[in-house]
Amino acid sequence: MTEVEVMPAGGDESLDGPRAWCHVMYGLHALSALSGILSSATIVGAFVFGWPSIIAVIINYLTRDRVRGTWLATHWRWQMRTFWFALLWLLLAGLLVITLIGIPLAWVVIVSTGLWVLYRVIRGWLALVDRRAMPVPAA
């Protein structure tokens, strides 16, 4: 298990800008997931193909150098891994749909991945609010 770093409430003010961007990115990811819940799309489909999440990933890649070496870098990595693994699982579900026998399994993968995405967005955002780093493997 990775050790989780907790920042004091009066932490480094130089990270306030990047921390605000991290809130924006979690909000965009949450908006995509919410649109999957409230529409006919799936959670993971809306998360991967929705404009809010795509914008969040672009912001993530453009700003990640600003947080390198800080506790916020774990949130950047957490969000990127959530997006790319969700896409990977969605592609796997797409391959399963091609085979008629794999359709029920594809739905299990889609629903499971959607719940996993919700978990990752909620857990990450709550940790950010508490100024805690995320347990991610080393880059």
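The values are calculated or read from the model by the stated rules, or taken from the named source; none is laboratory data. Predicted model only: the values in this text are computed from it and were never measured. FYI the Cβ positions are ideal-geometry reconstructions off the backbone, even for glycines, and counts take in every protein chain you see.
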Take A56 and tell me if it is within 22 Å of D16 (Cβ to Cβ) and not basic (K, R). yes
Note on T63: of the conditions (1) buried (at least 19 other Cβ atoms within 10 Å of the Cβ); (2) closer than 26 Å to D16 by Cα; (3) in contact with a Phe, Trp or Tyr (Cβ under 7 Å, 6 or more places away or on another chain), unmet is (1)
Restricting the range 66-109 to residues that are outside any helix (DSSP H, G or I) and under 18 Å from R19 (Cβ atoms), the one nearest to the chain's Cα centre (by Cα) turns out to be L72
field: Selection status of R77, surrounded by fewer than 12 Cβ atoms within 10 Å (Cβ to Cβ), of a type in the set (D, E, K, R) and at pLDDT 90 or above
entry: no
